[in-house]
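Beneath this line is the structure, given in structure tokens, with notes to follow.
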Amino acid sequence: MIIDTHIHVWSYPALADARDHIKSTKDLVSFQSRCPDLYDRTLTEDPIDNSDQLIADMDEFGIDKAFVQARPGSVTNDQVAQSVERHPDRLYGLMRIGHDQEAAYEYLEDPAPVRESAADEVAHCIEDLGMIGLGEIFIRAMTAEVDPEKIAKDLVPMMDAVNKYKVPVQFPTAWSQFPGGLFYGHPVWADEVAARYPDVLIILTKMGRSLITYFDPCMAVGMRMELCPRTCTALYNALEGT
């Protein structure tokens, strides 16, 4: 069985021909600067469910199942759940929090309201929508702190909820087209979070995206906290339990 653990579902009309512009990871990360008109349209257009095309692509490339989550922007967790409901034997939902701030380059100066509502959103997504974990949580959407201990404190409401439901969480570690990505993409702060929540399964996604400067600390955090082998087990168990 082949399982894709990282797919962003739902899209925008502006991206209907995205394959003509994105043929590599470098193309993806530089899309906003190379195609500003198309990118800006995604900030105002209503998102559309592209899960039928996703299933067709999965069939073409031999992907049996996939964990899906909202792309940056206006896509909601409820919409992702709709895609999962349409393809319950192939797709499994992961929630996101604060991802609407990424695409618009408009991080809140004080994201306290996002943090304070995180526990309720986790409960809604798990209890009402049947989601099985948190997708990528872009840390700048949750905190403006730069000290690892202060970051960890700001993440307490979300992490307490994750710990309560015993579900995994993804932290992105890499450079990206979104602002604030380079600083918060360094996983040293994740080490502090993991130390405070030893029973929470933490997944470091992207692993530096070819940046050795970030890949090495990702491995260091993973090995110190024994995250790497637990990650695979967590995803498999989540899939088996649905």
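What follows draws every value from the coordinates through simple rules; no lab data is involved. For clarity, every value in this text was computed on a predicted model and none was experimentally measured. Heads up, the Cβs are rebuilt from the backbone with ideal geometry, glycines too, and the neighbour counts pull from every protein chain shown.
Hey, what's the Kirkwood Rh for segment 117-192 if you take every pair of different alpha carbons, in angstrom? List each step's numbers first, then the result.
Numbers: mean 1/r = 0.0769 Å⁻¹.
13.0 Å is the Kirkwood radius here.
Treating each Cα of the chain as one equal point scatterer and applying the Debye formula with no solvent, the log10 of I(q)/I(0) at q = 0.07, 0.14 Å⁻¹ comes out as -0.21, -0.94. Calculated FRET efficiency, residue 60 to residue 25, Cβ-Cβ distance, R0 = 35 Å: about 0.95 to the nearest 0.05. Cβ crowding within 10 Å, taken as a proxy for footprinting-reagent exposure, orders 71, 140 from fewest neighbours to most as 140, 71. Our helix-only sum for the chain, with -39,500 (n - 2.57) per DSSP H run of n ≥ 4 divided by its residues, gives a mean residue ellipticity at 222 nm of -12500 deg cm²/dmol. Applying 1/(1 + (r/R0)^6) with R0 = 30 Å to the Cβ-Cβ distance of residue 128 and residue 160 gives a FRET efficiency near 0.95. Electrostatic bookkeeping for residue 165 treats Lys and Arg as +1 and Asp and Glu as -1; over the other residues with beta carbon under 14 Å from its beta carbon, the sum is -4. Cross-link check: pairs 150/206; 23/150; 23/166; 65/153; 23/206; 23/65 evaluated at a Cα-Cα cut-off of 27 Å; pairs beyond the cut-off: 23/150; 23/166; 65/153. Exposure proxy for 116, 145: other Cβ atoms within 10 Å of each Cβ, ordered fewest to most, give 116, 145.
Would you mind ranking 59, 37 so that the residue whose beta carbon has the fewest other beta carbons within 10 Å leads the list? Walk me through the intermediate numbers first.
On the way: 59 11, 37 7.
Taking fewest neighbouring Cβ atoms as first place, the list is 37, 59.
Here is the size of segment 59-193 from its Cα atoms: Rg then Dmax, 14.9, 46 Å. The relative contact order of the chain comes to 15 percent, based on Cα pairs under 8 Å that sit 6 or more residues apart.
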